[in-house]
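Written out below as structure tokens is the structure these notes cover.
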Amino acid sequence: MLIWGEIAMNKKFVSIFLTIILIIFIFNSISGISNSTDNTLILIRVDKESYNFLINNNFEIVGSKPYESFDVIISKNKLKIFDISGISYSILISDVEKYDNLVRGSYHTLAEIESILQSISSNYPS
């Protein structure tokens with residue numbers, strides 16, 4: 001009879017051990033959603049049906065196409081929330097800061113614009 005008692009105790013121990021491992025795995029999965037270290041800002045587009053999801057989760061809408069979609073800037077680590085919730089999205093800009101720096105350098109200065117306009121004026125007199 002002692003052997004059966006040891007087997008029953010081993011089954012109970014294994015069950016408790018597996019339950020603890022499962023709880024740890026679930027906790028790490030959930031905490032991984034918000035604790036990811038990739039804070040790169042991205043611009044995504046979601047369809048209009050996602051409006052309530054965006055508002056309920058305090059996402060800031062930065063643009064929209066009326067009756068079609070919404071544009072949202074979020075950190076990459078927040079994409080998991082969209083995946084888990086089944087919200088489809090498309091990434092428009094994968095690194096907003098890098099894109100901003102790239103675009104910022106491509107504009108003409110006021111002096112350059114004035115020079116271009118003077119050139120047009122002199123080349124095409126009225």
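Observations on the model:
- Pick from segment 98-126, criterion charged (D, E, K, R) and surrounded by 11 or more Cβ atoms within 10 Å (Cβ to Cβ), ranking: farthest from Asn57 (Cα to Cα): Glu114
- Within segment 65-92, being assigned to a strand (DSSP E or B) and aliphatic (A, V, I, L, M) holds for Val72, Ile73, Ile74, Ile91, Leu92.
- Of residues in segment 1-57 being surrounded by 10 or more Cβ atoms within 10 Å (Cβ to Cβ), at pLDDT below 75 and touching a helix residue (DSSP H, G or I) at 6+ places or on another chain (Cβ under 8 Å), the one nearest to Ile81 (Cα to Cα): Ile33
The values are calculated or read from the model by the stated rules, or taken from the named source; none is laboratory data. The structure displayed is predicted, hence computed values, not measured ones. Please note: Cβ atoms are built from the backbone with ideal geometry, for glycine as well, and neighbour counts cover all protein chains shown.
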